[in-house]
Amino acid sequence: MNQKYEKIFLPYKFPSGVEMKNRIMMAPMTTYSSDDQGFVTDDELAYYAERSAGVGAVVTACAYVSTGGKGFPGQLSADDDSFIPSLRKLAETIQSNGSKAILQIYHGGRQSPPDLLPDNQPVSASAIASNDEAPVPREMSEDEIQEVIKAFSEATRRAIEAGFDGVEIHGANTYLLQQFFSPHSNRRTDNWGGTLGQRLIFPLTIVNEVEKTVAEHARKPFIIGYRLSPEEGSNPGITLDDTIQLVDRLANQNLDYLHISVGHFWNGSFRESDRTKSRIVKIYDKVGNHRIPVVGVGSLHTPDEVAEAMETGVPFIALGRELLMEPHWIEKIRSGKEAEIRTTLSKKDQDELVIPDPLWEKLIGIKGWLPVVE
């Protein structure tokens, strides 16, 4: 192995005590490949098995914590104890290849398509649609808010009972937790909205409940991560200054990492005056040094690009598209074959890459997301 990549392979112990064998995670990516009820399928298990031998941890596609928060067809479910055996299969598949298994838990809020919901009615912090064409969600009642908080707790318990090594709370990509944090989607006048501090209450309450659940049910060290998006383009919307206050609060929790969801690691703010410095690096500078590990992500395709990003001090990198195109990214670097890492995708590669049909159709249909060649 080339010595300049040694940092990628350094082990790491999370604050919880869980040890990672290296500094690369597989980023959570929707597979669209569970069955209609939310049970994991054999094709989905094969997809994860192909990608979990090299990385230190695999963060699964998001699993919905309640049926009112389902966001995609073919989405994994963690909303009932009947799914524990299914989740156990997924955890064991990932762990059998030597990687830690982290279940991402989620509620879609106003982003949930009505036709996937039992009552065809998405909910959110306030009755504000995401855009002019989107359905107007119903503002959640106090009882519904408490039910969702409980649902995140119960999904965490199921992850523990299924044998996962951790959960990642999905507070990014405009889903429910972000909707409560955002001044665009949260116009409430009760304790769950209003000032920035009040808009933080819902996501922080869910973090607290997940932590309590882990303390009560986990019999071994268990990872709790939190994923967030640093900005919104809408006005009003989340600013980077807002997010700095959020991560400052999250750094005081018993979390193992913050996972920053951006399209490119090095991109600066698109709405602040300083647009040159990476938003990930800004967050790391605020909380990452000795307070909470930060996971960076975004268009880091080659080992040289990953090594350069890690020079900022960010201790972990999550790879998404890179592992879709090259499931053995880590193994090829370790064996000195980094020149053989696949950086384009052929329409003939599906079987070799072990990608389920529903996911493959999405990948080929999203123009520009992957470099597809004939």
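Details
- Put simply, the convex hull of the Cα atoms in the range 39-101 casts, on average, a shadow of 4.1 nm².
- Arg275 paired with Glu6, simple spin-label distance in nm, labels 7 Å along Cα-to-beta-carbon: 4.1 nm
- Annotation: lysines with alpha-carbon distance below 22 angstrom to Lys282 (same-chain offsets under eight excluded): Lys7.
- Helix 42-51 vs. the chain, principal-axis angle (Cα, 0 to 90°, nearest 10): 60 degrees
- In this simple spin-label model, placing a label point 7 Å from the Cα along the Cα-to-Cβ direction at both Glu361 and Ala53 gives a separation of 3.0 nm.
- If you take the Cα centroid of the range 95-125 and the Cα centroid of the range 297-331, the two points sit 26 Å apart.
- Here the extension length gained between Glu147 and Asn120 equals 7.9 nm, from 0.36 nm per residue of separation less the Cα-Cα distance.
- With the highest mean first, a sort of the peptides 92-102, 153-163 on other beta-carbon atoms found within 10 angstrom per residue produces 153-163, 92-102.
- Projected-area average for the chain over all orientations - Cα convex hull basis, square nanometres: 17.4 nm²
- Binning the C-alpha pair distances of the range 10-72 at 5 Å intervals from 0 yields a P(r) profile of 4, 15, 22, 19, 16, 13, 9, 2, 0 %, listed from the shortest bin outward.
- Beta bridges by DSSP in the chain, antiparallel share as percent, to the nearest 5: 5 percent
- Helix 84-95 vs. the chain, principal-axis angle (Cα, 0 to 90°, nearest 10): 30 degrees
- Seen from a random direction on average, the alpha-carbon convex hull of the range 111-158 projects onto 3.8 square nanometres.
- Protein accessible area in the chain, 1.4 Å probe - carbon and sulfur %: 46 percent
- Most mobile of Gly109, Gly320, Gly17 in a GNM of the chain (Cα contacts under 10 Å): Gly17
- Gain in span if fully extended, Glu92 to Arg138, counting 0.36 nm per residue against the direct Cα distance: 12.7 nm
- In this structure, the amide hydrogen of Val295, modeled 1.01 Å from its nitrogen in the peptide plane, lies closer than 5 angstrom to those of Leu258, His259, Ile260, counting only residues at least 5 positions away or on a different chain.
- FRET efficiency estimate (nearest 0.05) - Cβ-Cβ, Asp241 to Ala215, R0 41 angstrom: 0.80
- In summary, the lysines within cross-link reach of Lys347, defined as a Cα separation below 18 angstrom excluding same-chain residues under 8 places away, comprise Lys362, Lys367.
- Rounded tilt (10° steps) of 240-250 against the dominant C-alpha axis of the chain: 90 degrees
- Eigen-decomposition of the gyration tensor built on the alpha-carbon atoms of the range 272-346 gives equivalent ellipsoid semi-axes of 27, 14, 10 angstrom, largest listed first.
- Sequence-distant lysines (8 or more away, or on other chains) whose Cα lies within less than 19 Å of Lys13: Lys21, Lys100, Lys220
- Counting only Cβ charges, +1 for Lys and Arg and -1 for Asp and Glu, the dipole size of the range 333-374 around its Cα centre is about 160 debye.
- Rolling a 1.4 Å probe over the protein heavy atoms gives the chain an accessible area of 40 Å² per residue.
- Oblate is the label for the range 137-286, because a/c, from the alpha-carbon gyration tensor with a ≥ b ≥ c as root eigenvalues, is 1.5 or above and a/b does not exceed b/c.
- Amide hydrogen neighbours beyond the local backbone of Lys70, cut-off 5 Å, H modeled: Gly108
The values are calculated or read from the model by the stated rules, or taken from the named source; none is laboratory data. Source: prediction; values computed, not measured. Positions of Cβ are backbone-derived with ideal geometry, glycine not excepted, and every protein chain shown enters the neighbour counts. Ligands, DNA and RNA are excluded from the accessible area calculation, which covers all protein heavy atoms including side chains. Shrake-Rupley method; radii C 1.70, N 1.55, O 1.52, S 1.80 Å.
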